[in-house]
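Written out below as structure tokens is the structure these notes cover.
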Amino acid sequence: MVEGSAAPPLFRRGPTPLAILGFYIMLSASLFVLDMRFGALEFLRQGISVVSDPLQYAAQTPMRLAVEGHAYLRALEEAEDEIERLKTDKLAIAPELNRLQHLESENAELREILALNQRETISGQAANVLRAARDPFVRRVYVDKGLKDGITAGQPVIDEKGVVGQITRAFLLSSELTLLTDKNLAVPVQIQRTGQRSVAFGLGNGQMELRYMPTSADIVVGDILHTSGLDDVYPAGFQVAEVTLVTGDSSNAFAHIIAEPLASAESRSVVMILNVKKSLPLEEEADNPDSR
Amino acid sequence: MQTPSNYSRRILRPAHPWFIALSLFIALLLNMLSTGQWLFMPDWVMLTLCFWNMREGRTMKMRSSFFLGLVMDVANGAALGQHALAYVLVGYTAGSISRRMFWFSLTRQTLLMLPLFLSVTALQIFIRLMAGETFPGWGLFISPVITALLWPPASLLLLLPQYQPEERDENRPIL
């Protein structure tokens, strides 16, 4: 052997543990950058989720059965009352509904006369919220509809009170729903009372913020924000949040406006994933339909 | 002078590979419970990996830590590589300090595991903050403390099968 080199080992032992550790540190770091910075590892996530999804489902089954069994027994008692109440409610809103149909047809005619775009009718599919993401850094939940039901990333999600969020990843059997309050989500909104447009950003702590509104803006606590439909993701007219705090001082050009989302999917519930007919994307944005 | 935990009249049988795999699988299921946003939940997989890397450093491969980490990343919806890096580091450290650790009692071992779990958790938080996330709360640092407190019961539980003698012999009792 060449002088200065180590003596040949008696047993082949492969690379030292430190070398293997170095290799795995480099590998995790590169995975991390590729995933967080470029979002380029969705295929790997899809592959692993085929294994991890059924495991999670199995792990959560005992708890779910207990909760559902309890809820079922209670629901049986409540169902009778509920049916009665719904019957009377239905009667009560029947005249309103008739009027609404009349108004809708009238509205359609008027819009035709004015040569405005027709408001498309919106369909969707209901999905159950399976669980909240365990990662404490994000506000996400998982729902039980996935690629096999035709769900794709980017679809908006609502419940009976208003917008809940947006589908950000679709797996085979489930999909990841990022809530409005996640730090990475923003919704173009309109103030219902004044018609002024703005963008609501999630704060990551259960609230939303309207940024870049001048201190002179006409906005008061209690104002309802609804989607403006400008982004072609959320259809116009769905309620989003209620303004809970407005502070502005003259030293700052922008007012500090906090809003509380009306819908909440963090507790177990049923949500509606909307199928929105996408208008043709602009050429620049065609490559990047993801809102991130 | 306290009694070191490796000083014992008991003779340990080697851990069965299937028992190692089973315990890791159960830890994975425990980690996947729908505990939502409870920040203080212990990391069962980290605890079990740490134990096996310390006891059975020769059989444990670093790639098993890595792949368990990747599965946890996808299951949690965390950044890919976050748990993988943490588990590989814990596994390596546990393996390299094992010869010293067994001279301490379980209580002292717990005290020594705490900084390891704390620093790995801090590393995970640091990585996410670097990526631009907001800090979710100090409850995150309670989780490694609870994980460390679970060290003595987990050690006793995971050592149980190794204490069972192959055949009971009245003349040569293995206690």
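The values are calculated or read from the model by the stated rules, or taken from the named source; none is laboratory data. Everything numeric here is computed off the predicted structure, so don't read it as measured data. Cβ coordinates were reconstructed from backbone atoms using ideal geometry, including for glycine residues, and neighbour counts include every protein chain displayed. Just the protein is used for accessible areas: all its heavy atoms, side chains included, with ligands, DNA and RNA removed. Shrake-Rupley method; radii C 1.70, N 1.55, O 1.52, S 1.80 Å.
Some observations on this one:
- A:Asn184 being open to solvent by 60 Å² or more (accessible area, probe 1.4 Å), farther than 19 Å from A:Asn275 by Cα, within 14 Å of another protein chain (Cβ to nearest Cβ) and within 14 Å of the chain's Cα centre (by Cα): yes
- Qualifying residue in the stretch B:137-154 (condition: within 19 Å of A:Arg134 (Cβ to Cβ) and assigned to a loop (DSSP other than H, G, I, E, B)): yes
- Subset of the stretch A:172-188 (residues that are hydrophobic (A, V, I, L, M, F, W, C) and either touching a Ser or Thr at 6+ places or on another chain (Cβ under 6 Å) or within 21 Å of B:Ala78 (Cα to Cα) (or both)): A:Leu172, A:Leu173, A:Leu177, A:Leu179, A:Leu180, A:Leu185, A:Ala186
- Set side by side, the residues B:Leu80, B:Leu85 differ, and just one is under 15 Å from the mean Cα position of the chain (by Cα) and within 19 Å of A:Asp135 (Cβ to Cβ), which is B:Leu85.
- Within the stretch B:95-121, residues that are under 16 Å from B:Met46 (Cα atoms) reach partners that are open to solvent by 60 Å² or more (accessible area, probe 1.4 Å) and not in a helix (DSSP H, G or I) with beta carbons closer than 7 Å, at six or more positions or on different chains, in the pairs B:Leu112/B:Phe104.
- Within the stretch B:21-33, the set of residues being under 12 Å from the mean Cα position of the chain (by Cα) and either facing another protein chain (nearest Cβ under 8 Å) or open to solvent by 10 Å² or more (accessible area, probe 1.4 Å) (or both) comprises B:Ser23, B:Leu24, B:Leu28.
- Filter pass, B:Leu116 being open to solvent by less than 40 Å² (accessible area, probe 1.4 Å), out of contact with any Pro (no Cβ under 7 Å at 6 or more places or on another chain), under 24 Å from B:Leu22 (Cα atoms) and at pLDDT 80 or above: no
- Of residues in the stretch B:83-103 being open to solvent by less than 10 Å² (accessible area, probe 1.4 Å) and at the interface with chain A (Cβ under 7 Å from one of its Cβ atoms), the one farthest from B:Ser119 (Cα to Cα): B:Ala84
- Some residue of the stretch A:18-35 being at pLDDT below 85, within 24 Å of B:Leu89 (Cα to Cα) and open to solvent by less than 90 Å² (accessible area, probe 1.4 Å): no
- Residue within the stretch A:209-231 that is assigned to a loop (DSSP other than H, G, I, E, B) and within 14 Å of chain B (Cβ to nearest Cβ) present: no
- The residues on offer are A:Arg99, A:Arg140, A:Arg64, A:Arg37, and the sole one that is in contact (Cβ under 8 Å) with a residue 24 or more places away in the chain and either within 14 Å of another protein chain (Cβ to nearest Cβ) or under 29 Å from A:Ile158 (Cβ atoms) (or both) is A:Arg140.
- Residue tally, condition open to solvent by less than 70 Å² (accessible area, probe 1.4 Å), among the aliphatic types (A, V, I, L, M) and either in contact (Cβ under 8 Å) with a residue 12 or more places away in the chain or part of a helix (DSSP H, G or I) (or both), over the stretch A:40-57: 3
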